[in-house]
Structures are given as structure tokens and as C-alpha cells.
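Quick notes on the structure that follows.
The values are calculated or read from the model by the stated rules, or taken from the named source; none is laboratory data. Quick caveat, the model's predicted, so the values are computed rather than measured. Cβ placement follows ideal geometry from the backbone for every residue including glycine, while neighbour counts extend to all protein chains displayed.
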Amino acid sequence: MLLAGGQGSRLKALTSKVAKPAVPFGGKYRIIDFPLSNCVNSGIDTVGVLTQYKPMELNAYLGNGQSWDLDRSDGGVHVLPPYLGEGEQGSWYKGTANAIYQNLDFIERFDPEYVLILSGDHIYKMDYSKMLDLHKKAGAACTISVMEVPWEEAPRFGILNVEDGDKIYEFEEKPKNPKSNLASMGIYIFTWSKLRQYLIADEKDEKSSNDFGKNIIPAMLGAGEVMMAYRFQGYWKDVGTIDSLWDANMDMLSPKSDMDLYDTEWPIYARSAVRPPNYMGPDASVSHSLLTSGGEIYGKVENSVLFHSVTVEPGAVVRYSVLMPGAVVKAGAVVDHAIIAERAVIGENAQVGEAPSPRSEEKNIAVVAQDLKVGSGAKVEAGAMITKNVKGGAK
Amino acid sequence: MNDLHGIIFAYRANPELRELTQHRNTCSIPYGGRYRIIDFMLSNFVNAGVDDIGLVVHQGYQSLLDHLGSGKDWDASRKRGGLRILPPFSYAQNNSTMAGSFKGRMDALAGVYSYLENIRQDYVVLATGALAINFPLKEMFRQHLSSGADVTALCTHEPKCDPKGTNYFTIGKDGVVSDVIVHPMAASGIEALDVYIMSKDLLMSIVDHCSTHNIYSFSNGVLLGMLGKIKMMPYFYDGYAARLQSVPNFFSRSMELLDPKVRADLFVPERPVKTKDQSNPSTYYGADAKAVNSLISDGCIIEGEVVNSILSRSVRIAKGARVENCILLQGTDVQEGAVLRYVITDKNVRVNPGRMLMGHETYPMAVAKNEIV
């Protein structure tokens, strides 16, 4: 069950028209491709995608699941929006747990032994079948995937305290004095009969905020259920903010990031646009960048991630930036430390963003929302969030 | 447009294509980086609303089947109709040996006779699968219906193909084809592009006629044999068209894609060229990479230099390697310091460090599939 209903309000202009899991990532993908591909590669063939906020783009993207080999006659991918039931009973998904509760019938239909709960806003590769092995072996009611984080960062996370053999005895949300540095990754495996029981009880509790982290997990711990921590090692990134989204894109350029997109053993599937190969013009210059088909590159591209059908005109410079599908950078324009959303056009000699000073902690990523135009000669300052067209020459 | 049925001939392996057709027939030759040449005709059909498509194959079609799958990437996997692969089933019954290929198109059509009988449309478009073109088939069909012609032939005023394998038409004052020149030494007149529309009834009677008169070839049996008996009219499309007739020809036709005008002709946004969805990652360019005047598909890792070249998917160019005027097909691995000029490498070729391979524009060096240099 993939929770994909979040608005991703911290991504601001990038999620004004799409849900966070549908935000383009890494040149070829959308965020949701990572958990979905992990499911398929782990041998999971039935996936419910819970949508709520601006689901149109996401629904269209998922289609019948063909791109992920999830077009099955038994199982496959199912988009699950909130709905009204008998006597117009029903509501929006109130919380993560409530979202699953509202889809009890869907899960019952497949009569599973175990249910995996995922969120649609993390970039990572993970074999869930190994996590399930641990869950079965331990005879657990719930297994939570955890990662070691630096101790000084632990207070920002939900921390799990474990004892003999990674058995969880305590869960602390953002503890001031953490007892462990094992952070929850928001990936849960439940034995379905147990989860079902706790979801129904939680729904009856009017004071509950119907959330896995806040309600279900503490309730299960309190009742003494067997709960295990599954230690994950490798690349994992929450891309909930502009900075972290930009950062994660830049990580795709780094061979040290531990995220190998070229690994054929664990491919990340995507619905790809069928476009002719990328054309590199006679004076094009590209270094340390990812480029995708359909583009026409005549200018200079450095340390950047370009999605399909991007145009960089002669004399234009793109540095440390993410250019989403169909973005156009006109002649002489400079784009630096910026995210340019789908089909946005940066006019001639315009400037968008700038490199932060070397000592600066802030990255100050400038963002231009989709379908906008930045007029020729205009200047968009570092860190600006552009949600309306910018006139030529304007600042 | 449900009244038009499509038939694509994909049974030929042109020997002039040497290494490139060792493991495949002409239609599944990679072209333009990520495509196979068959993608173009198939997309022409699908974009014109031709839903039922028969693909006539004979030998060496494993790579074609692998590429096409069920046809879903072309939206041609349908409950009713859709893409059908037609090996020579009638042929096998009537001939004790399966040796050799079809002797010609009429032979091929006779080989799938029972399929032809079951065509549910009134009109049929017959086309070669080895032509890179993006033409408005819809309009051609409209013209066929309004002109009263028995056969409409796709033609161009701008001959580009090797005359030895091409037919030319002389058009009379009434706009009807008055003479056909089959495979001459030099181009003369209007070039035929191997796409014909006719009614199913006419097609069936021609197939009957040819098989009972031992006529195998479409050029001899239909174009020449029926000259004056049927009204054949041209439909002109003067945009880009490329047929792959030999290795040098494959090379020069491919290289023309570096011209933006050619790409604009072939890759028309309203009529997209569809191909197998491979889910490759983007292409990574290293810190010292150089790539100019080149077409580069997804999934490559480029750390060396690429000049005036076309790269298919998942090609690797190591540091210090230099590739100039080359066509590198899927999975080619050019290792450190290797230098390639005027070379065509087939799938999964590996060029070891420091090797130097040089062909010439008129005789590009072709390295066969899976070879290690």
C-alpha cells in the first residue's frame, strides 16, 4: 500500500498542479517510480496507490501499470482515492492509518498474509523481500525499516530504541536526548490480521489522529506485540523540500552516492516518453550531467540533471540545475542553482538563480513553476520561488 | 479510419547490409539511435488509425519479435485485430521444404493467403518495413478514395534511393502511371516508395492471378504486368525518406539525421514515432566528456569524446576514447583510449583499450554483434 496522497506543500510551486509522488526526479523518473520499482523487483505484484491531493497527473502516469509490469489480471496496480460509502458515509483520508482503514475491503479482497506500507516520497532502492524474511523469522506483528543516522541529526527523526536482536521496545518522535540513532524510514510490514485489528480499534478512538507513527505503532508497542527493526544500508533520501529535492538530483550525478541507476539487476522503471535521441549541437558542451532523449543542446550544461525534450540554445549556460521535461533556456540565458519545472521558458539573456557563496550553508535554489515564462533579460534572484510570469527585463 | 488494413513486408534480409543483417532481417536494423527501422512504418499505420496490421515475416525474425512483443508499445495489442505476425503458414503446407526465402512479395502474400481472406476491411495498404519515413497515410488513403484509382502508390519527386533496388514511374497527362522502370542502373523519373493502397478485392484477385501464373514479384506481376489494365496513381510525399540498402547507404542515411531539417521531417510531434519502451536511465556525461554534433540515446555513459556520431542506448565511451563519424549500436563498449573513425559497431561490441579502428565514408567498417576487438 503506497501512500501517495500527500500534497508536498514544502515543494511549493512544484506541487501546485501535481501530488508530490508525481514530481519528476533524476532525469527520467517521477518520485513514485522508486517505491513502485522496488515493489516489482521485490516480487510484489499487487500494489494499492492511495491518492488524494491533485491525483490527475498521477493517475494518468500510472495508467494500467504497464510500465512497471503491474498490468496483471490478478493483482496489479490499483489507484485508491477516498470515496463515499453507504448513506454518503466517508471522508477524505484523515491520516495515514485512516487511509488504509478506508481500504480494508480492497486488502481483504486479496486476503494477504502480510501488508507492506510505503510512502511515495523517498528515493531509495530496497529489497522488501529481505525485510519480509526477517518479519516472518521473528514472527513479528510489525517490522519497521530503520537507518542509522548521525547522532547529532537523530533529534529530527522518529527514533526506534531496540534491544536484543533488534526488537523494538520504544518509539520516540523527535527525541531531545536520543537513546539510539535508528531512524524510522516510514516503511512498515504488518501481519495483516494484527494490523486489521489495530486499525479498527484506532478508528473507534475519536481522539486519535489516525496516523501510523503517532497512533498505531505506539498502540502496538503498548500492547506488547513483537516489533522488529530492519536495518537498511544504502542510499535513502526524503525529497520533501526544495533543497533536498535538488540535493537528491545532484546525488544522481555522484558515483559515490550509492544509487546506481544503471544497475540492470535492480532497474528503476518509468513510463518514458518516446522521443528521438538527444541532439548535441556543434558547439555544445556538457560535463558531469544527466541528459535525456528529445533534447536539443546547443549551449553549455554543467553539473545538471536534464529531463526529456529540454532545449538549451546557443550561448545559454545551465549550471547545478534541474530542468524538467520541455523546459527551454533561450540564447544567452544563465540558469544556476535552479529548478525549472515542466515547459517553463527562460527568455534570452535572462538570469535565473546564482551560485551561493562558498561559505553559505543555504543553497538558495531558485524555482520557476511549470508553464511559466521568464522574459528576456529578466533576473530571478537566488532562492526565489516564481509562480507567475516574469516580464522581460524585470527583477 | 477503420476501413484500411495494413500489411508490412518484413521478410527480407538484404545481403548488401553484411554484418548488420547477420542476426536480423532488414526491418529490425537499428536506425536513428533508439529506433528500429520498422518503427517508422508501424507508427505511420498506427498514427493513421490503421488498427489491424499483418507483418509478413519468413526467416531471421527473432530479433523483430523480440522488439515488437505484443505490439503494446505501438498501441497495436488489441482484443480485436491489432498486430499479427505472419510467418509463412500457408507456404509451409504447400511446400515440403521451408528452405530459402520468399521469392518475392506475391509469393509472400500467397504464403499468408488464409490471413488475407479474413481481412475485415475493404482496403489494404501494403508497405515495406524497411523505410524510414513519416508521411500522412490518412491523406494518402483519402486521395485513394476520391481519385477513383485502383492502386495508389506513394511516390517522391526527390529520388534518394539506390536505383538498383528501386522502381520509377512515368506519369501520364491524366495523372495515371504510364510506365514503370524496374531496378534500373540510374534513377529516372518519379521514385516509388514501396507503399501501395488498393481494395481487398483487387488484392485477392492479383494474388490469385500471380500464384496461378507463377509470378513471384510485385514489380513484375503487378506494376509491369498490370500496366494499362489497372489505374495506378501516385500520392506524392516529398519529405525525408530513407531505405537501408547497403552498409555505406545505412551509414550515410543514418548520418543525415544530424541535420535538423531531416529530424523535423521524421519526428513530427503530431505523428510520433513509437518504439519499444526500455526504461533506460538518462545518459551521464562525465567531467571531461565532449559530445558535439551527435545524437545520443538514453542509458549511455560518456566520459570520452563523441563527434559527428549516433549512439544507441547504453553505449559506454571510456575516458580518453574518441569516437568520430561513427554509429554505435546498443551496448557498445568503447574502452579507454580507443579511437574509432567511420565505424559501425553492432550490439554489444567491445573495443578494448587503445584499439584504433578506421573505415572511410564510402566503406565504413562494420563490426558484427557481440564481437570483441
inquiry  = Out of the residues in segment A:243-299 meeting the condition of being under 13 Å from residue B:283 (Cα atoms), in contact (Cβ under 8 Å) with a residue 40 or more places away in the chain and facing chain B (nearest Cβ under 7 Å), tell me which one is surrounded by the fewest Cβ atoms within 10 Å (Cβ to Cβ).
reply    = A:261
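Given the structure, is residue B:92 modelled with pLDDT under 90 and assigned to a loop (DSSP other than H, G, I, E, B)?
No; evaluated as a whole, the condition is false for this residue.
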key: Only listed residue being of a type in the set (Ser, Thr, Tyr) and in a helix (DSSP H, G or I), chosen from A:188, A:198   = A:198
query = Which ones in segment A:187-222 are of a type in the set (Lys, Arg) and in contact (Cβ under 8 Å) with a residue 12 or more places away in the chain?
reply = A:194, A:196, A:214
task = Quick one: which residue in A:207, A:214, A:237 is more than 12 Å from chain B (Cβ to nearest Cβ) and part of a loop (DSSP other than H, G, I, E, B)?
result = A:207
message = If I ask for residues that are under 15 Å from the mean Cα position of the chain (by Cα), within 20 Å of residue A:117 (Cα to Cα) and hydroxyl-bearing (Ser, Thr, Tyr), which ones from segment A:22-54 would you list?
response = A:37, A:51, A:53
inquiry  = Please list, ordered by residue number, the strands (runs of 3 or more DSSP E) wholly in segment B:102-197 having 1 or more residues that are under 16 Å from residue B:4 (Cα atoms) and within 23 Å of the chain's Cα centre (by Cα).
reply    = B:123-128, B:151-156
key: Filter result (among the hydrophobic types (A, V, I, L, M, F, W, C) and under 20 Å from residue B:130 (Cα atoms)) within segment B:199-225   = B:218, B:223
inquiry  = If I filter segment A:12-21 down to residues being within 16 Å of residue A:58 (Cβ to Cβ) and over 8 Å from the mean Cα position of the chain (by Cα), which single residue comes out as farthest from the other protein chains (Cβ to nearest Cβ)?
reply    = A:16
query = Failed condition for residue B:253, given (1) within 14 Å of another protein chain (Cβ to nearest Cβ); (2) basic (Lys, Arg); (3) out of contact with any helix residue (DSSP H, G or I) (no Cβ under 8 Å at 6 or more places or on another chain), with all others met?
reply = (1)
request  = Tell me which residues, restricted to segment B:306-342, are at negative phi and in contact (Cβ under 8 Å) with a residue 40 or more places away in the chain.
outcome  = B:310, B:311, B:312, B:313, B:327, B:329, B:330
inquiry  = It is to be established whether one or more residues within segment A:69-76 are under 22 Å from residue A:117 (Cβ atoms), part of a strand (DSSP E or B) and either touching a residue at least 24 places away in the same chain (Cβ under 8 Å) or in contact with a Cys (Cβ under 6 Å, 6 or more places away or on another chain) (or both).
reply    = yes
task = Quickly run through segment B:305-329 and pick out the residues that are more than 12 Å from chain A (Cβ to nearest Cβ) and either in a loop (DSSP other than H, G, I, E, B) or within 17 Å of residue A:28 (Cβ to Cβ) (or both).
result = B:318, B:319, B:320, B:321, B:325, B:326, B:329
query = When you scan segment A:93-172 for strands (runs of 3 or more DSSP E) that lie fully inside it, which ones turn up with 1 or more residues that are in contact (Cβ under 8 Å) with a residue 24 or more places away in the chain and hydroxyl-bearing (Ser, Thr, Tyr)?
reply = A:114-119, A:122-124, A:142-148
request  = Look at residue B:213 and say whether it is on the phi > 0 side of the Ramachandran plot and surrounded by fewer than 17 Cβ atoms within 10 Å (Cβ to Cβ).
outcome  = no
message = Within segment A:48-68, take every residue that is away from chain B (no Cβ under 14 Å) and not in a helix (DSSP H, G or I) and give me the one that is farthest from residue A:7 (Cα to Cα).
response = A:48
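Filter segment B:330-346 for residues that are of a type in the set (A, V, I, L, M) and not in a loop (DSSP other than H, G, I, E, B) and give the result.
Of everything in segment B:330-346, those that are of a type in the set (A, V, I, L, M) and not in a loop (DSSP other than H, G, I, E, B) turn out to be B:334, B:339, B:340, B:343, B:344.
Just checking: which of the strands (runs of 3 or more DSSP E) contained wholly in segment B:237-300 hold 2 or more residues that are in contact (Cβ under 8 Å) with a residue 12 or more places away in the chain and surrounded by 23 or more Cβ atoms within 10 Å (Cβ to Cβ)?
So the answer is B:241-243, B:283-285, B:294-296.
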